[in-house]
1. Do you know which residues across segment 73-94 are without any contact (Cβ under 8 Å) to a residue 40 or more places away in the chain and either among the hydroxyl-bearing types (Ser, Thr, Tyr) or more than 26 Å from Leu42 (Cα to Cα) (or both)?
2. For residues in segment 173-191 being surrounded by fewer than 17 Cβ atoms within 10 Å (Cβ to Cβ) and within 25 Å of the chain's Cα centre (by Cα), which is nearest to Ala62 (Cα to Cα)?
3. In this structure, is Gly134 touching a Ser or Thr at 6+ places or on another chain (Cβ under 9 Å), surrounded by fewer than 17 Cβ atoms within 10 Å (Cβ to Cβ) and at pLDDT below 85?
4. Taking segment 195-210 on its own, how many of its residues are more than 18 Å from Glu155 (Cβ to Cβ), free of Cβ contacts under 8 Å to residues at least 24 places away in the same chain and either assigned to a helix (DSSP H, G or I) or of a type in the set (Gly, Ala, Ser) (or both)?
5. In the list Ala66, Ala46, Ala62, which residue meets the criterion of being touching a residue at least 40 places away in the same chain (Cβ under 8 Å), under 14 Å from the mean Cα position of the chain (by Cα) and either in the same structural domain as Gly117 (by TED's automatic domain parsing) or under 20 Å from Ala125 (Cβ atoms) (or both)?
Amino acid sequence: MLKRKNIAITVLLATVIMAMVPSSGMVYADDQSQEERKAEKLVELAEGAQKRVDNLIRLIFANVTANETITNFGLMDDLIANVTLFKEGLGNLTKAYDALEAEDYQGAIANATDALGIFREVFRAIHVILDQSGVSKGKLVDAQGLIQAMQRALERIERLREILPEDAEEALELLKTAEQCLNITAARAWLLEGRVNETAHNLTQANKLIAQAHQ
C-alpha cells in the first residue's frame, strides 16, 4: 500500500513538473519576442532619423548659396564636425543591423539607441547653424520633406511587390510607372532649381498609382 502511495506521489510530481516546463518556456519565448519587437522598432526609428538627417545634409552641400553663407559666418567647421558625428551614428546603425540579424537583440537595442541619439543631436545642431547663418531653411526643409515622402513611397512599392502574385501584371505595371515618378536623384536636382511644384506633382502621381495597384 505504501509503495503504491509513493508511486502515485511520484507520478503526481512528474505531472506537475511537466506542466510547468512549457509554461516557463512560453514566458521566455514571450520575453524574447518582446525584446525582438523593441529592437526592430528602435532600428526602424533610427533608420528614419538617419534618412532625415542625410537628406538635409545633402541638400545643404548641394546648395551653393547655403554653402557660401554658412562659410561666411564661420560655421562651416561646425557643419563638417556634425557630418563627422553623423557618420559615427551610421556606424552605430550598421552595428544595430548586424546585431539584429544575429538575434543579439540587446546589442541591436543599444546600438540603435546610440544611433538615434546622435542623429537627433546632429539634426538639432544643423538647424542651429542654419538659424545662426541666416540661411533660409524653409526651402531646404520643404525639399527635405518631399525627398522623404518619395523614399517612403518607394518603400511602399517594394512591400507591394513582395506580396503581389507574379501574374498581377496590371498592378506591377502601375508600380513600375510609379517608380519612374520617384527618381530621387532627379528630384534633388529639380528642387535645387526651385522646381518644387513639379517634384510634388510627380510624388502625387506616384501615390495615386500605388493606391491603384494596392486596390
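The values are calculated or read from the model by the stated rules, or taken from the named source; none is laboratory data. Source: prediction; values computed, not measured. As a convention, Cβ positions derive from the backbone with ideal geometry for all residues, glycine included, and neighbour counts pool all protein chains shown.
1. Of everything in segment 73-94, those that are without any contact (Cβ under 8 Å) to a residue 40 or more places away in the chain and either among the hydroxyl-bearing types (Ser, Thr, Tyr) or more than 26 Å from Leu42 (Cα to Cα) (or both) turn out to be Gly74, Met76, Asp77, Ile80, Thr84, Thr94.
2. The first filter runs over segment 173-191 and keeps only residues surrounded by fewer than 17 Cβ atoms within 10 Å (Cβ to Cβ), leaving 173, 176-177, 180, 183-186, 189.
Subsequent filtering for residues that are within 25 Å of the chain's Cα centre (by Cα) retains 176-177, 180, 183-186, 189.
On the way: Lys176: 28, Thr177: 28, Gln180: 23, Asn183: 17, Ile184: 14, Thr185: 12, Ala186: 13, Ala189: 9 Å.
Selected residue: Ala189.
3. Values: touching a Ser or Thr at 6+ places or on another chain (Cβ under 9 Å): yes; surrounded by fewer than 17 Cβ atoms within 10 Å (Cβ to Cβ): yes; at pLDDT below 85: yes.
Answer is yes for this residue.
4. Final tally of qualifying residues: 3.
5. Details: Ala66 fails: under 14 Å from the mean Cα position of the chain (by Cα); Ala62 fails: under 14 Å from the mean Cα position of the chain (by Cα).
Answer to the check: Ala46.
Okay, residues lined up against (1) surrounded by 17 or more Cβ atoms within 10 Å (Cβ to Cβ); (2) at pLDDT below 90; (3) assigned to a helix (DSSP H, G or I):
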residue: Phe119; (1), (2), (3): yes, no, yes
residue: Ile129; (1), (2), (3): yes, no, yes
residue: Gly138; (1), (2), (3): no, yes, yes
residue: Val141; (1), (2), (3): no, yes, yes
residue: Arg152; (1), (2), (3): no, yes, yes
residue: Ala171; (1), (2), (3): yes, yes, yes
